[in-house]
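Structure first, then comments.
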Amino acid sequence: MKPLAGGLPCFLTFGLWLGLLLLCSWGCPGSAAPRSPPEKIAVIGAGIGGTSAAYYLRQKFGKDVKIDVFEKGEVGGRLATLTMQGQEYESGGSIIHPLNLHMKRFVKDLGLSAVQSPSGLVGVYNGETLVYEESSWFIINMIKLIWYYGFQSLRMHMWVEDILDKFMSLFKRIYRYQSHDYAFSSVEKLLHSLGGDDFLGLFNRSLLETLQKAGFSEKFLDEIITPVMRVNYGQTMNINGFVGAVSMSCTDPGLWAVKGGNKLVCSRLLQASKSNLISGSVMSIEEKTRTKQTGNPTKVYEVVYQTGPEIHSDFYDIVLVATPLNQKMSNITFLNFDPPIEEFHQYYEPLVTTLIKGQLNSTVFSSRALDEFDLGTILTTDNPDLFINSIGLVSSVEENNNPQPKVERAHVWKVFSAGPLTKEQILKLFVSYDYAVKQSWLAYPHYTPPEKCPSTILHDQLYYLNGIEFAASAMEMSAVAGYNAALLAYHRWNGHTHMIDQEDLYEKLKTEL
Ligand SMILES: Cc1cc2nc3c(=O)[nH]c(=O)nc-3n(C[C@H](O)[C@H](O)[C@H](O)COP(=O)(O)OP(=O)(O)OC[C@H]3O[C@@H](n4cnc5c(N)ncnc54)[C@H](O)[C@@H]3O)c2cc1C
Ligand SMILES: *[C@@H]1O[C@H](CO)[C@@H](O)[C@H](O)[C@H]1NC(C)=O
Ligand SMILES: *[C@@H]1O[C@H](CO)[C@@H](O)[C@H](O)[C@H]1NC(C)=O
Ligand SMILES: *[C@@H]1O[C@H](CO)[C@@H](O)[C@H](O)[C@H]1NC(C)=O
């Protein structure tokens with residue numbers, strides 16, 4: 001028998017071939033041998049992005065891979081609570097849309113439950129007076145809209161609802177794609193697969209431009225739309241149309257939060273993923289070549305991190321960065337990459353959440369008597385003299401009720417402002433107050449369309465999740481990015497190119513049913 005390549009006897013080669021053929025029915029890259037599974041994966045950041053990624057990495061790569069999740073602060077990240085008199089209140093990401101299906105499923109699968117978000121009446125304050133006040137009667141709201149903003153406002157109102165419906169129905173496609181394991185190599189490709197050029201085009205224009213083109217009156221934009229952007233993103237209508245639509249959807253009914261605090265989703269995801277939490281701050285990532293037990297040199301990433309005063313390092317086959325990459329927020333250095341990994345300088349908006357327990361001085365906003373004041377949320381117009389973005393009644397993370405402002409007693413109010421509030425400023429809003437606690441954030445990107453999202457693939461097996469925030473920053477967006485990064489890492493590791501960046505998926509999956 002003539003020995004074949006490498007001196008293997010014929011039957012053995014044949015056996016190998018057969019084995020390969022069998023293995024390849026699971027989808028192999030060309031004719032190469034299937035890659036052995038990764039040994040270790042690092043996830044940097046234990047917010048909703050990082051923990052959802054860890055959860056899906058475990059589902060895809062199986063029980064043997066070791067997953068380390070690094071967190072320099074608290075598990076939950078921008079999902080956090082502030083405690084006042086023994087009660088916890090959401091201080092970061094707080095409301096979840098009824099169509100945020102990943103969040104919904106996490107809550108269900110992880111044994112958590114939902115509470116309704118307060119849905120009190122909304123007013124808009126311009127620094128002098130209330131320019132708009134919602135009524136509990138739908139018909140009165142409609143009449144007010146027409147009265148204040150003309151007949152076209154009603155048509156506009158319907159137009160907005162129509163646009164949002166369309167937006168949601170396109171966005172929902174992502175759940176379908178992800179449940180079929182499809183991944184995308186960039187945020188742009190992901191969004192393009194959902195709604196094509198029109199959807200992606202929302203990135204290129206400001207919300208202002210889009211709405212002006214649609215014929216909205218200046219007054220309506222200043223007094224209704226801008227205040228909504230200020231409460232949700234601390235910015236004006238100069239944000240891109242995509243995040244504008246996400247922000248508008250927060251006026252929909254049925255908003256909810258997680259009982260006990262939204263951050264519980266992160267700790268439960270972490271638990272369910274059976275990852276190892278490392279309380280430390282990652283300082284640098286460097287590509288290294290290492291010889292493993294198998295004898296072959298392989299490319300790995302060295303992650304250097306600090307826990308307390310000590311500096312450690314470890315090697316990983318795959319690394320997912322799940323925190324905004326900039327010096328102020330994560331300060332991670334990418335060492336010796338060729339070509340170098342781009343510098344990230346994205347600016348995040350400073351925002352302060354202040355919880356105040358006190359009696360609101362309602363005459364500041366409205367000359368009407370206190371007992372007639374029934375607003376639960378006061379939004380503001382873009383007036384530079386105003387020192388707050390919004391103020392609203394809140395209930396603790398355990399409560400499932402709607403706090404009523406009417407009763408003449410101290411309530412807990414949440415204020416968003418660009419800077420910390422002074423005592424004098426608080427006393428301009430409150431007759432008196434018992435407690436005030438605050439938390440400062442670098443909250444979300446400063447949006448300046450035309451927007452380009454930072455890359456998802458930073459290097460061969462190095463991924464970045466938070467680019468998606470430049471489309472829109474929201475918990476559900478980070479969960480979508482977490483799932484996508486896990487799928488992308490899995491398919492790229494195994495060479496499943498047919499599962500990445502597929503066009504016309506909607507049509508393909510339609511015929512599959
Ligand atoms: C005040 C406020 C209100 C909001 N309201 C809403 C809302 O109502 N609804 C909504 O959907 N979204 C809301 N958002 C947005 C939402 O909270 C965020 O989009 C989401 O939580 C981001 O999650 P993430 O996991 O991507 O990032 P993060 O939560 O920021 O997680 C990143 C984590 O990485 C850690 N980290 C950073 N650098 C390192 C390092 N070098 N080493 C180790 N760990 C590191 C950080 O400590 C952090 O825990 C709000 C945000 C804020 C601030
Ligand atoms: C958005 O603008 C960029 C240039 O800034 C352009 O390259 C891109 O094609 C535009 N995308 C869409 C969908 O209009
Ligand atoms: C970022 O990290 C470098 C070294 O890792 C350090 O010298 C620098 O002070 C850090 N910057 C910030 C803003 O924390
Ligand atoms: C409430 O605010 C009004 C208007 O700013 C002010 O005139 C009044 O003194 C305040 N009332 C109290 C009790 O602080």
Rounded to whole Hz and in sequence order, give me ³J(HN,Hα) for segment 174-183 from the Karplus expression 6.51 cos²θ - 1.76 cosθ + 1.60, θ = phi - 60°, writing x for Gly and Pro. 4, 5, 4, 4, 5, 5, 9, 6, 7, 10
Testing the spin-label approximation: label points 7 Å from Cα along Cα→Cβ at Glu372 and Asp64. State their distance in nm. 7.4
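Could you work out the relative contact order of the chain, using alpha carbon pairs under 8 angstrom and six or more residues apart, expressed as a whole percent? Don't skip to the answer; put the middle values down first.
On the way: 997 pairs, mean separation 130.9, N = 513.
Computed value for the chain: 26 percent relative contact order.
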Want the number for Lys108 to Thr448: 0.36 nm per residue separation, take away the alpha-carbon distance, what's left? 118.8 nm
Quick one: which residues, 5 or more positions from Leu458 or on another chain, have an amide H under 5 Å from its amide H? H modelled 1.01 Å from N in the peptide plane, none for Pro or chain starts. Tyr463, Tyr464
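Using just the alpha carbons, could you tell me how many Å³ per residue the convex hull of segment 90-159 encloses? Don't skip to the answer; put the middle values down first.
Details: hull volume 10.2 nm³, N = 70.
Value for segment 90-159: 145 Å³ per residue.
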Apply 1/(1 + (r/R0)^6) to the Cβ-Cβ distance of Lys213 and Arg409, taking R0 = 56 Å, and write down the FRET efficiency to the nearest 0.05. 0.75
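Where does each of Ser432, Ser395, Ser281 land when they are ranked from fewest to most other beta-carbon atoms within 10 angstrom?
Ser432, Ser281, Ser395
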Any chance you could give the angle, 0 to 90 degrees and rounded to 10, that helix 187-201 forms with the longest Cα principal axis of the chain? 50
Whose amide H sits under 5 Å from the amide H of Phe70, counting only residues 5 or more places off or on another chain, with H placed in the peptide plane? Val43, Ile44, Gly45, Ile278
Cα pair distances of the chain binned at 10 Å [whole percent]: 4, 17, 27, 24, 15, 8, 3, 2, 1, 0, 0
So what's the angle, to the nearest 10 degrees on a 0 to 90 scale, between helix 138-149 and the longest Cα principal axis of the chain? 80
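So if R0 is 45 Å, what FRET efficiency would Asp198 and Asn361 give, r being the distance between their Cβ atoms, rounded to the nearest 0.05? Intermediate results must be reported in sequence, preceding the final value.
On the way: r = 47 Å, r/R0 = 1.04.
E between Asp198 and Asn361, to the nearest 0.05, is 0.45.
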From fewest to most C-beta neighbours within 10 Å, the residues Ser284, Ser179 line up as Ser179, Ser284
What FRET efficiency, computed as 1/(1 + (r/R0)^6) with R0 = 30 Å and r the Cβ-Cβ distance, is obtained for Ile146 and Thr251, rounded to the nearest 0.05? 0.95
In order over segment 225-240: 3J(HN,Hα) from phi, Karplus 6.51/-1.76/1.60, θ = phi - 60°, whole Hz, x for each Gly or Pro, gives 6, 3, x, 5, 5, 5, 6, 8, 10, x, 9, 9, 6, 7, 7, 5
Stretch gain in nm, segment Ile457-Ser169, where the contour uses 0.36 nm per residue and the Cα spacing is subtracted: 100.9 nm
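Read-outs: derived from the displayed coordinates by stated rules, not from any lab. Computed from a predicted structure; not experimentally measured. Positions of Cβ are backbone-derived with ideal geometry, glycine not excepted, and every protein chain shown enters the neighbour counts.
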